[in-house]
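Working notes, beginning with the structure itself.
The values are calculated or read from the model by the stated rules, or taken from the named source; none is laboratory data. Only a predicted model underlies this, so the values are computations on that prediction, with no experimental measurement involved. Please note: Cβ atoms are built from the backbone with ideal geometry, for glycine as well, and neighbour counts cover all protein chains shown. For accessibility, only protein heavy atoms count, side chains too; no ligands or nucleic acids. Shrake-Rupley method; radii C 1.70, N 1.55, O 1.52, S 1.80 Å.
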Amino acid sequence: MEKLYLIAAAAAVALLSLSPAAHAVTSAGQLAGYTAQAGAPAKAERGQQLFTTKHGKEWSCSSCHTAVPTIEGKHASTGKVIGALAPAFNPERFTDTAKTEKWFRRNCNDVMGRECTPGEKSDVLAWLLTLKR
Amino acid sequence: MALLAAGTVAAAQADSGGTRVANTPKYEQECAACHMAFPPGMLPAGSWQHLMGSLNKHYGTDASLDDVTQRELSAWLKANAGTYKRVSEESPQDRITKSAWFLRKHREGEVPTDVWKRASVGSPSNCVACHINAAKGSFSEREIRLPK
């Protein structure tokens, strides 16, 4: 009985970690999730382009996060300090899928006037992960 | 619901003349990422209701929350609203900085006009620029330092 329970539990964990919507508590895990949803490999250069360009509205991502977010940024309206976005410089970044999704939702709406696609999210995250010490 | 109950009432403060509630961790987490967590007592319930009902258009930005968190925080704000002195009517655009009491306390004779123009201040909503313990909810006149 106990062995059956263990097998079932292991299977459940395996299934959960395959799903893009699962916890994915590492930045690499989140990247894998978005890439799976996009159905195509991420391209870091595209991510950098998207991040540093304006998309018809007042702000780009870099307006608050800086063009190379290995350092603190600053809110473009309030001036509030924003921690570095690149995971290598701020280990808590992209470790909580709900938080990541919340901020993508809001900030893509502000910058692009719409939600970002999974491909765009994967491109941006892929680029952020290239920023190392 | 435990989060709502966690907001304890602090002792009466000599400066404001009113009681002050401690911010919940959720309020700090969700409402202090872009600006300081403003004390709920500084706006009347009606203003908080307007704000929480239009978070996707929050002074020019999208600050939307999931439904559960939005309801939780709305209830907490409503329960702790309007405790600051002379906060009764809703202020223009529901802004603390356009409230009658704010304008009076920060009038020309109290705060020289050029202070508002300093880059270190930026905006009247940047309380912490001068009120060194504002993020802890303290606005005592003894704890003010004008930046250069």
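So the values come out like this:
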{"read-out": "Kirkwood-type radius of the stretch A:57-133, with distances r between different C-alpha atoms, in Å", "value": "12.8"}
{"read-out": "Solvent-accessible area lost in complex, 20 Å² minimum, residues of the stretch A:104-118 relative to chain alone, 1.4 Å", "value": "A:ARG105, A:ARG106, A:ASN109, A:ASP110"}
{"read-out": "Anisotropy class of the stretch B:71-148 from Cα gyration tensor, a/c 1.5 cut", "value": "prolate"}
{"read-out": "Distance (nanometres) between label positions extended 7 Å along Cα→Cβ at B:ASN133 and B:ARG95", "value": "2.9"}
{"read-out": "Chain B, relative contact order in percent, only Cα pairs under 8 angstrom and at least six apart counted", "value": "23"}
{"read-out": "Cβ-based net charge around B:SER54, under 13 Å, with every Lys or Arg adding one and every Asp or Glu removing one", "value": "-1"}
{"read-out": "Residue-count net charge about A:VAL81 - beta-carbon cut-off 9 Å; Lys, Arg +1, Asp, Glu -1", "value": "+1"}
{"read-out": "Accessible-area composition of the stretch B:21-148, carbon plus sulfur, in percent [1.4 Å probe]", "value": "53"}
{"read-out": "B:ILE144 - accessible surface, heavy atoms, 1.4 Å probe, Å² rounded to 10", "value": "80"}
{"read-out": "1.4 Å probe accessible area per residue over the stretch B:13-130, in Å²", "value": "52"}
{"read-out": "Protein heavy-atom accessible area occluded, A/B pair - total, 1.4 Å probe, Å²", "value": "1100"}
{"read-out": "Accessible surface, the stretch A:23-102, averaged per residue in Å² (probe 1.4 Å)", "value": "55"}
{"read-out": "Highest-first arrangement of B:41-48, A:92-99, B:112-119, B:100-107, where packing means the average Cβ count within 10 Å", "value": "B:41-48, A:92-99, B:100-107, B:112-119"}
{"read-out": "Per principal axis, descending, Cα span of the stretch B:16-60 in whole Å", "value": "33, 23, 14"}
{"read-out": "Reduction of at least 30 Å² in accessible surface, 1.4 Å probe, comparing all protein chains with the chain by itself, residues of the stretch A:66-80", "value": "A:HIS75, A:THR78, A:LYS80"}
{"read-out": "Efficiency of FRET between B:LEU103 and B:ARG145 - r from beta-carbon atoms, R0 22 angstrom, step 0.05", "value": "0.55"}
{"read-out": "In nm, spacing of pseudo-spin labels at B:GLN29 and B:GLU110 (7 Å Cα→C-beta vector)", "value": "3.5"}
{"read-out": "Chain B: angle of helix B:67-79 to the longest principal axis, Cα-based, in degrees nearest 10", "value": "60"}
